[in-house]
1. Here are the criteria: (1) of a type in the set (S, T, Y); (2) modelled with pLDDT of 95 or more; (3) assigned to a helix (DSSP H, G or I). Tell me which single one S56 does not satisfy.
2. If you go through the stretch 386-395 one residue at a time, how many are over 25 Å from the mean Cα position of the chain (by Cα) and either within 19 Å of Q340 (Cα to Cα) or touching a residue at least 24 places away in the same chain (Cβ under 8 Å) (or both)?
3. Would it be correct to say that R326 is of a type in the set (D, E, K, R) and closer than 30 Å to L424 by Cβ?
4. Which numbered condition trips up I108, out of (1) crowded, with 24+ Cβ neighbours inside 10 Å; (2) more than 18 Å from R404 (Cβ to Cβ)?
5. Would you say G162 is among the small types (G, A, S) and more than 29 Å from S251 (Cα to Cα)?
6. Assess whether R560 counts as being modelled with pLDDT of 95 or more and over 27 Å from P609 (Cβ atoms).
7. Looking for something buried (at least 20 other Cβ atoms within 10 Å of the Cβ), under 25 Å from C47 (Cα atoms) and in the same structural domain as G59 (by TED's automatic domain parsing) - is there at least one such residue anywhere in the stretch 270-284?
Amino acid sequence: MYLCAIMSQQQQKYLEKINSPKELKALSEAELRLYCDELRQYIIACCSDNPGHLGSSLGAIELTAALHYVYDTPKDKLVWDVGHQTYAHKVITGRREAFLSQRKVGGISGFPRMSESEYDAFGGGHASVSISAAFGMAKAAELAGRDEKIVAIIGDGSMTGGLSFEGLNNAGADRKSDLLVILNDNNMAIDQATGALKSYLVKITSSKRYNRFKRRLWNLLSHTPRLLRLCQKTGNAIKQVLLHQSNLFESLNFRYFGPIDGHNLTELVRTLRALRDIPGPKLLHVMTRKGKGYAPAEQDPTTWHAPGRFEVETGQRASSPKKVARYQDVFGQTLVDLAQQDERVVGITAAMPSGCGMTRMMEQMPERTFDVGIAEGHAVTFAAGLAAGGKVPFCAIYSTFMQRAYDNVIHDVAIQNLPVVFCLDRSGLVGEDGVTHHGVFDLASYGAVPSLTIAAPANERELRNMMYTALQSGTPWMIRYPRGEGAGVAWENEPFELLPEGRGRMLRAGSEIAVLTLGTTAQAAIKAIEQAATEGIEVAHYDLRFAKPLDQELITTIGRTYRRIITVEDGVLRGGVGEAVVACLSDQGLHPEVIRLGIGDQWVEHGTPAQLHAACGYDSAAILAAIRQ
C-alpha cells in the first residue's frame, strides 16, 4: 500500500513534503494548520485499515505539531506518556511510510521506542512514567552542561497514577532543572476519567468568569517570558479570589500556565515559545478533545480509543459474527452473578472498566464497584482494606499492569492472607500492543509468593468455576486468562462447581507421551494431539489448572507412567510452570525426558497472537512437532 492509495493528491499538498521537524519549521503558521488537517486525515485513513489507538492521537495532533515546530528536536527531548497519543509524532519524525506497518510483525511499534528513532527520547506503553523520566533527563543534561529543553506530555488519565505525583514532588523541589510538563487534559483515559483530580481539573477549566478574564490578560501580556510569568502569577491570584481555591501544581513548586485550547495552533505556538525561555519546573494545562476532527470518535471516545477497522466515510466499524464470548465478558457476567448471591463481593478496576468487563456490575451495582484510576498499587491495597473489613474484592487488572503492584500483593494481601481475588486479564501474549503489554511474567513473579493460589482456566466454564471457588476459599487467589474469545464452551447459566484446589485433571488418555498444559494453551494442545492420533501417536493430555499449588501427586504419577513429558505455558519459561514440573519430578527421583514449550529469555515484539505463539514455539504446530520428535 502506498501513500497515494491512502489519500488523494489534493489532500497531500504538505503531507508528502514533511519528513522531519526541520521541514515542518519551514512552514508558516497558516501552512502548519493545513498540514495538521492533512495529517489528521492520513492517520484516520491508515487506522481504518491497520487498526490502532486512534482517538488519543487525533486529539494530540495540533499539540504535537506545535511542539516540533517550536522545539529543536531531537536535541530537545519530548517524553510521551503511555504513547497512545504519538501517531502524529511518528509521522512528523520521518516515519510516514513506516506508519502503514505500525503494530504489524516487522513494522514499527505503536508506542515510542528509543531503539526505533532518535526522536523517541524515552520508550513507554504504561501510564504515569513521563514526569519522572523527563526530570531524570533534565538533571542529566544539567549535570553534563548540555543546553537541552525537556518536555513531558502526560494525559489527565495518567495523572491519576501515583508515580506522576512522585515525579512532580521531586521535580518541584529542584528549581534549577529546566522541565516543562504538558498536561493534555481531555477528561478521558480509555474510559471516562474518575476521581478527585478530575473534579479539580474541571473546576480549573469551568469558571467562565475566570477564564474570560484570564484570556484577556493572557493576550495582553504573553508576548515575553517575563510578562507571561507575571500573567501566570496574576491569573493564579485572581483564581483564588474568584474560585476560592489554590493551585495544586503551584503548591508543588511548578509554575502553572493555562488552561489553553490544545487545538488552537496560534495560541499553542505562542505559548510554547514563551515557556521555552522560562527556567525551572513549569506545567502547561492544555485542553484537547479525544478523537478531535473525526465525528464518530468525538461522539464515542471510549469505543474509538482503539476501534478496529472501519469505513472512513461512514464511521461503520468492521464486525465479524461473534462466535463465542470473550473472557472479559465471562468475567463480567460471572462477577455480577456472584455479587447477586453474596453481598460480600465487590469489584475493583484500575481505569479499565470496559476493557476488563466490569461495566456490567458498574451499571447494576454502582455502589459495589470502584474505578480507582490508573493506580494499580492503590487498587491492590484498597482491595486489602476492603477484605480486612469483611468484603471479598475481585480486583481486575491487566497482567502487564499488575507488575506495578508486586509489593502491594505481597505486603498488603499475601502476608496477611486476605481474601482478595486478583483477575489478571490479558495474560500471555496479547498481540499488536507488543512488548510493553504482554502479560508473560505473572506466573514466574507471583509463583514464589506463599499463601497465594494461582489458577488458569482452559475455557470459559473453568473461569466461571475458578471465580466461584476463589470466593469460597477465604484466601488470596490469582486467576489469569488471555485476551479475546474463549473456546466456545457453554458457560452462561451453568451451575457453579467447586473445584478441588491445587488439583489437575486428565483430558485424554494416552501412552508413552504426556502433554501438560496450563490455561488456554490446552486448546492448541487439543488440536495437536488430535492430529497426532491420526498419525497413530496416542498422547495423554493433562490440564494442570493450578500453577500454585501444583498437583504434585498427579505430576508424580505422570512421571512414573510416561517416558516423555511436554509442558506448555503462555508465559516465560524461566521460573514458569515447566520448571516447577521438572523440580517436582526431580524431588521424587524421577527423570523422564521433559520438553518445555513457552517463551524463552527474550523480548517479544508485536504481531497477532497466532503469529507470536508460532514465533515463540508453543502453538499447535510446535506442540505437534514436539510430539513427533
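1. Unmet for S56, out of (1) of a type in the set (S, T, Y); (2) modelled with pLDDT of 95 or more; (3) assigned to a helix (DSSP H, G or I): (2).
2. So the answer is 6.
3. Answer is yes for this residue.
4. Exception for I108: condition (1).
5. It is false that G162 is among the small types (G, A, S) and more than 29 Å from S251 (Cα to Cα).
6. So R560 passes the test.
7. No, there is no match, as no residue in the stretch 270-284 is buried (at least 20 other Cβ atoms within 10 Å of the Cβ), under 25 Å from C47 (Cα atoms) and in the same structural domain as G59 (by TED's automatic domain parsing).
Residue-by-condition table, conditions (1) surrounded by 23 or more Cβ atoms within 10 Å (Cβ to Cβ); (2) of a type outside the set (A, V, I, L, M); (3) touching a residue at least 40 places away in the same chain (Cβ under 8 Å); (4) closer than 26 Å to L386 by Cα:
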residue: L429; (1), (2), (3), (4): yes, no, yes, no
residue: L452; (1), (2), (3), (4): no, no, yes, yes
residue: E460; (1), (2), (3), (4): yes, yes, yes, no
residue: G474; (1), (2), (3), (4): no, yes, yes, yes
residue: A487; (1), (2), (3), (4): no, no, yes, no
residue: N493; (1), (2), (3), (4): no, yes, no, no
residue: L498; (1), (2), (3), (4): no, no, no, yes
residue: E501; (1), (2), (3), (4): no, yes, yes, yes
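The values are calculated or read from the model by the stated rules, or taken from the named source; none is laboratory data. Only a predicted model underlies this, so the values are computations on that prediction, with no experimental measurement involved. Note that we place each Cβ from the backbone using ideal geometry, even for glycine, and neighbour counts take in every protein chain shown.
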